[in-house]
Amino acid sequence: MKIFKLLKDILAPKKCYSCKKEWHFLCNDCRYRVAEYESSCFICKEESDDYKIHKNCKNDWVYYDKMLIKYHYDWYYISKMIKDAKYYQKKDILEDFWKEMGELLEQHCMNLEKSILMPVPMYFLRRWKRWYNQSEVLAKAISQELKIPCYNNILYRKYNTRQQSKLSKKDRMKNLKNCFAIRSKHIDILDKKQIILVDDVVSTASTLNEISKLLKSQGVEKIVCVCIASN
Ligand SMILES: [Zn+2]
Ligand SMILES: [Zn+2]
């Protein structure tokens, strides 16, 4: 596999989306110019250590405990890279991102040894049509990098919901109501574990929150979300 990858890199080298230099989709020079997402509370956007959601901001409707985000989505090349990776079969692009997501977790997520990774599931027909679920690709790669287990068969989507990005915040919540479920034969795996939910882009976090709500109803205590970008 490594030889195949090397050959591919030589025959069709990656090119920086921004400056067109070879070998990376986003070269180090350009990477430094991208606005990174500061450690803040996802709800109020104010400063917060390790991306923790403030206690006061949680109320009784936020179920995740941290939201780790690497980049601002409005930087043109970041959004273009993510869209290409998601909709245009350019899965390789994700490689530039999972390494950074792994680093983000190492720096801001305690108890990694007691954690398990879970990608946000895609409805099976949609996954079949697209060949892969980008969140699953990211979660599996982070799992290898950090040596923590990844389970992509515990959570699943019961219905094919409308695409969240096309809906208002209220409709997003309605759209997702009871759409996720847990396969009960795997439920023991969740016991005393911290769950790390992996997704590509987060906007209102309705999806991550709906999954977190379900996991917490099963006794999960801590939920950390990690995403490439947010607007
Ligand atoms: Zn560049
Ligand atoms: Zn807050």
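Every read-out reported here was derived from the displayed coordinates using simple, explicitly stated rules and does not represent laboratory data. The shown structure was predicted, so the numbers you read here are calculated from the model rather than taken from an experiment. Neighbour counts are summed over all protein chains in view; Cβ atoms, including those assigned to glycine, are modelled from backbone coordinates with ideal geometry.
For the chain, what proportion of DSSP beta bridges, expressed in % and rounded to the nearest 5, is antiparallel? That works out to approximately 25 percent antiparallel.
Please list, by residue number, every one of the chymotrypsin sites (Phe, Trp or Tyr not before Pro) in the range 145-179 that is coil in DSSP and has at most 15 other beta-carbon atoms within 10 Å. Here the sparse-neighbourhood loop sites are Tyr159. Here the label points at Lys174 and Phe124, each 7 Å from Cα along the C-beta direction, are separated by 2.9 nm in the simple model. Across the chain, where is the longest run that never hits GluC sites (Glu not before Pro) in a DSSP loop with at most 13 other C-beta atoms within 10 Å? The segment 47-220 is the longest one with no such site.
Semi-axes of the equivalent ellipsoid for the chain, computed as √(5λ) from the eigenvalues of its C-alpha gyration tensor and ordered from largest down, come to 28, 20, 18 Å.
For Gln144 and Arg183, the difference between the fully extended length at 0.36 nm per residue and the C-alpha to C-alpha distance is 11.7 nm.
The distance between label points at Lys45 and Arg31 comes to 2.7 nm (points 7 Å beyond Cα on the Cα→Cβ vector). Between Ser217 and Asp84, the FRET efficiency estimated from the beta carbon spacing at R0 = 45 angstrom works out to 0.80.
Translational diffusion of the range 90-217 was estimated from the Stokes-Einstein equation, with Rh taken as the Kirkwood radius over Cα pairs; at 25 °C and 0.890 mPa s the coefficient is 160 µm²/s. Protection proxy ranking of 198-207, 177-186, by the mean of other Cβ atoms within 10 Å over each peptide's residues and highest first, is 198-207, 177-186. Taking the longest Cα principal axis of the chain as reference, the axis of helix 134-146 is set at about 80 degrees.
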